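We did not get these values from a lab; they are worked out from the coordinates using the rules stated. Predicted model, so just to flag it, every value in this text is computed and none were measured. All Cβ positions, glycine included, derive from the backbone under ideal geometry; neighbour counts span all protein chains shown.
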Amino acid sequence: MFSVYGKAGRLFRGSMEELRKIGPTSALARTQRVAGVGRGATDDFVAQLALAGQGGHAAPARPDAAHRDAMAAYAQAAASQPPRHPLKLVQDIMNPGAICVGLEDNVGQAWGVLAQHQLGQAPVVDANGVLVGLLTRAELMRSDRLPGPHAHALVWQALLVQSVADLMWTPVPSVAPATDIRRLARVLLDTGLPGLPVVDDAGKVQAFVSRTDILRAVVADPPLDLWS
C-alpha cells in the first residue's frame, strides 16, 4: 500500500497500480536517477569439515575440556537463533526509526542534520511527526540555486535561512510496512527516488527504506523472496 503526503496531509492512498496513474508524484521523476554500476559476482565459499575415523583413517585425539566448552557454546548459540524466513515485505528490510527534518527548520539546520548523519535525503515532518515532504541533498546543491563563487556573504546567509518548506519535494509518495518489496522497487524505478519514507496509518514516519536496503535483501541469507 502506498500513500502520497503533502502540506495539506494525505492526498492519496492506494495500490501501486493506482499510484502510477495519478499525477501529483510525476514531478518527482525529475530527481536525478541513480546510475547503474553493473552487476558483480560474489562467490560464497562454505568450508565443510570431514569426520575423521572413517575410510580407514586414524581418529583424532579426543578434544580437551577447553575445546569441548567452545563446541558446546557454539552449539548453544546456534540453537538460540530465531528461525529465518525469506524477506518479502518492506518491514523485513527497513531499519526502524528515521532521521527527519522539521517543516519549520531552515536550510542551514537541515543541512546540518544531513551532514551529521551522512544522509543524502531526509523525510520532512510537521509538528505532529506526519510526513509532508522529502528533502534531498541534490536539491539543496542544485547549481541554479547556489550563489555564485563571488557572491556576498549575505547572499549565502539568505539561502541558509530559507525555509525547508520552500525547497522540499511535496507531495511525496510513501510506503506501508506490509508492502511487497518488489512493488516498492517498481515505484522507486518510476520516480527515480533513492528511497521512500515508511509511514503508519496516521502518516507518521516509522523508517526510511532505500535502494541500498533492497540490495542488501537480495544478497542476504535468507534471501529476498523473489519467486513466491
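Using the count of nearby Cβ atoms within 10 Å as a rough guide to exposure, how do ILE181, ILE22 rank from fewest to most? Mind showing how you got there, number by number?
Numbers: ILE181 24, ILE22 14.
Ordered by Cβ neighbours within 10 Å, fewest first: ILE22, ILE181.
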What is the P(r) of the stretch 125-228, as percent of Cα-Cα pairs per 10 Å bin from 0? 12, 35, 27, 18, 7, 1
In the neighbourhood of ALA110 defined by beta carbon distances under 13 Å, the net charge of the other residues (Lys, Arg +1; Asp, Glu -1) is -3
Just to confirm a number: summing +1 for Lys and Arg and -1 for Asp and Glu over residues other than PHE2 whose beta-carbon lies under 9 angstrom from that of PHE2, what do you get? +1
Would you mind computing, in nm to one decimal, how far apart the modelled labels at ARG20 and ASP200 are, each placed 7 Å from Cα along Cα→Cβ? 3.1
Along the three principal axes, how long is the stretch 84-130 when you take its alpha carbons, biggest first, rounded to the nearest angstrom? 43, 25, 11
Note, GLY133: beta-carbon cut-off 14 Å, +1 each Lys/Arg, -1 each Asp/Glu, net -3
Packing-based exposure ordering (other Cβ within 10 Å, fewest first) of VAL124, VAL155: VAL155, VAL124
Counting other beta carbons within 10 Å of each Cβ, put ASP180, ASP200 in order, fewest first. ASP200, ASP180
Percent relative contact order of the stretch 113-176, based on C-alpha pairs within less than 8 angstrom and at least six residues apart? 32
